[in-house]
Structures are given as C-alpha cells and as structure tokens.
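Engineer: Sharing a structure below in structure tokens format, with a few things to ask.
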Amino acid sequence: MVKSFLILIICKIFLFADEQIVLVVADDFNSQRAILSCFENNKKVFDSFEVNLGKGGLGHGLGEVEFLHNPQEPLKQEGDKKAPIGIFTLEAVFGYEKGIKTKMPYLYASEDLICVDDSDSNFYNKIIKTPKIMPKSFENMKRDDAQYELGIVVGHNKEQIREAGSCIFLHVESAEDAPTAGCTSMKLEEITKVISWLDKSKNPTLIQVTKQQLSQISKLYPNLKF
C-alpha cells in the first residue's frame, strides 16, 4: 500500500521536476522563519534568503501530493496561523499597481477584490470581486498597508475543503522577523526578484517543508541539489 502510494506521488511530481521551483525550508513545525531558494531546471537561480512563516509555525496542507506523515503531526486548519507544508502550484501574481511586467497571470488588488475565508461560503478560498451577498468573513486584497503591494497566490486547498485553510500567499513582510497569519512573507525587493523570474509556462511550484521532509523531497526530486 505504501509502496503504491509513493509510486503515485513520484509519477505526479515528475510532471514538475524540471521546471521552476521555489523551495522554502524551516527547521521544524514550530519555526516562524525559513530559508527560501529558487531553482530552474534543478539549478539555483539566485542567492537564498530568509522569510517569515506563520505565527503558529507549520502544518501539513493540501497541495498537489500528500506527504507521508505521522498522525501526531499538525495539519493546516482555518485560522490556526500555520503556514502549509506541501507542494503547491503558484497560480498568479497580485499587487496594487493596475499592471506590472510579469510572465504570470496578474490580479489587480482593487478596492472591490476580496479573498474569502468563510468556510460556509461557495466562494471559500477564492479571490473574487465583492458579490451582492457578502460572505461572513473575508480579507481585502487592497490593504491599508504594503503587505499586498506585491504577492503570489499559492494553490493550497484548491478543492475548497471546509476549514482546511484559505488565502495562502507569498507577500511583502509587515516588518523584519514578523510572523504571518499563515502565509510566507519577505522583503519587497526579494518578492520583486522572485516575481520577475516566475513564468507560468514553466509550471512554477512552491515546495514548503521542514528539514524533516527533505528526505522525501530528495526522492521526489533526485536531481534537485539543495
């Protein structure tokens, strides 16, 4: 059973193996900081840097594949302030400017753009224009601060499983060493560099793990030298 499961994972993951990879590695489940590195065709493209994770550390999320893990390890849930562990597609870029130079789909964070974190809504975990009937809970994509000046939409919980976590982004940090509500944040110049490099045609993927999962990553991406 386990062997078949691993074969299934490997078959899926090799679809992305030689494309663009953003790798975020934390020390453990309680970490609020991690190291981000970017790879293309298994080669590192620029220097690694430190990023901020969730105030609650990390928990296993819902991505392209499921990691083998122990039952006692935390799972990502709505409102737990944990950043998700997993392998996720990078869906789009967003920001306060009406348009930017990018090879990714771009969402203008206008005043009427929201991300829904209400699990009872049909729009749960979706970025939408404000509907006629507003969800009970949502966040504005045009904030009063600079955190969403530039960001990247992470393909976490794309099947909209209730209470499994929503609105996961890579975005600008609120302050140096400041943990997030469950996203991954960094300096503006750092996310600008990442966004300038990303190309949707190259299947950009976020791998976000603790050091504990690196052995699984090595098996799934044997040519990736991290």
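Just so you know, all these numbers are worked out from the coordinates, no wet-lab data involved. Note that the coordinates shown come from a computational prediction; the quantities given were computed from them, not determined experimentally. Glycine gets a Cβ as well: all are built from the backbone with ideal geometry, and neighbour counts include every protein chain shown.
Engineer: Taking the Cβ of each residue in Asp177, Asp112 as the centre, tally the other Cβ atoms inside 10 Å and list the residues starting with the fewest. Don't skip to the answer; put the middle values down first.
Structural biologist: Numbers: Asp177 9, Asp112 12.
By the 10 Å Cβ count, ascending: Asp177, Asp112.
Engineer: Let me spell out the model: positive unit charges on the Cβ of Lys and Arg, negative unit charges on the Cβ of Asp and Glu, origin at the Cα centre of the chain. What dipole size does that give, in debye rounded to 20? Write down the numbers at each step before the final one.
Structural biologist: Details: 27 positive and 31 negative charges, 133 e Å.
My answer is approximately 640 debye.
Engineer: Students often get this wrong, so check it: of Lys103/Lys136; Lys101/Lys132; Lys129/Lys193; Lys55/Lys211, which have C-alpha atoms separated by over 30 Å? It would help to have the intermediate numbers written out before the result.
Structural biologist: On the way: Lys103/Lys136 34 Å; Lys101/Lys132 32 Å; Lys129/Lys193 28 Å; Lys55/Lys211 18 Å.
From Lys103/Lys136; Lys101/Lys132; Lys129/Lys193; Lys55/Lys211, over 30 Å: Lys103/Lys136; Lys101/Lys132.
Engineer: Beyond 15 Å, what percent of the Cα pairs of segment 23-92 remain?
Structural biologist: Working: 1416 of 2415 pairs.
I get 59 percent for the Cα pairs in segment 23-92 exceeding 15 Å.
Engineer: Oh, and also: Taking a cut-off of 24 Å, what percent of all Cα-Cα pairs in the chain are separated by more than that? Intermediate values should be presented prior to the final figure.
Structural biologist: Values: 10293 of 25425 pairs.
Result for the distance tail: 40 percent.
Engineer: Can you tell me the convex hull volume per residue for segment 26-149, based on C-alpha atoms, in Å³ to the nearest whole number?
Structural biologist: Values: hull volume 19.6 nm³, N = 124.
Per-residue hull volume (Cα only) is 158 Å³.
Engineer: Between Phe29 and Glu189, what FRET efficiency comes out of the Förster formula 1/(1 + (r/R0)^6) with R0 = 25 Å and r the beta carbon distance, rounded to 0.05?
Structural biologist: Numbers: r = 29 Å, r/R0 = 1.16.
For R0 = 25 Å, the calculated efficiency reads 0.30.
Engineer: For the chain, take the longest principal axis of its alpha carbons; what is the angle in degrees between that and the long axis of helix 188-197, to the nearest 10 within 0 to 90?
Structural biologist: For 188-197 against the chain, the angle is about 70 degrees.
Engineer: May I pose another question? Which of Thr192, Thr210 has the fewest other C-beta atoms within 10 Å, and how do the rest follow up to the most? Write out the running numbers ahead of the final one.
Structural biologist: Details: Thr192 16, Thr210 19.
So the ranking, lowest neighbour count to highest, is Thr192, Thr210.
Engineer: Report, in degrees rounded to the nearest 10, the 0 to 90 angle that the Cα long axis of helix 2-13 makes with the longest principal axis of the chain.
Structural biologist: Once rounded, the angle reads 60 degrees.
Engineer: May I ask you to order 201-207, 128-134 by the average number of other C-beta atoms within 10 Å around their residues, highest value first?
Structural biologist: Values: 201-207: 19.7, 128-134: 10.6.
Peptide ranking by packing, descending: 201-207, 128-134.
Engineer: Also: Take the Cβ-Cβ distance between Asp199 and Lys98 as r, set R0 to 22 Å, and report the resulting FRET efficiency rounded to the nearest 0.05.
Structural biologist: Details: r = 21 Å, r/R0 = 0.97.
Efficiency for this residue pair is about 0.55.
Engineer: May I pose another question? Among Ser137, Ser119, Ser185, rank each residue by its count of other Cβ atoms within 10 Å, from fewest to most, as a rough exposure measure. Present the calculation step by step, with values, prior to reporting the outcome.
Structural biologist: On the way: Ser137 16, Ser119 19, Ser185 24.
Going from least to most buried by this count: Ser137, Ser119, Ser185.
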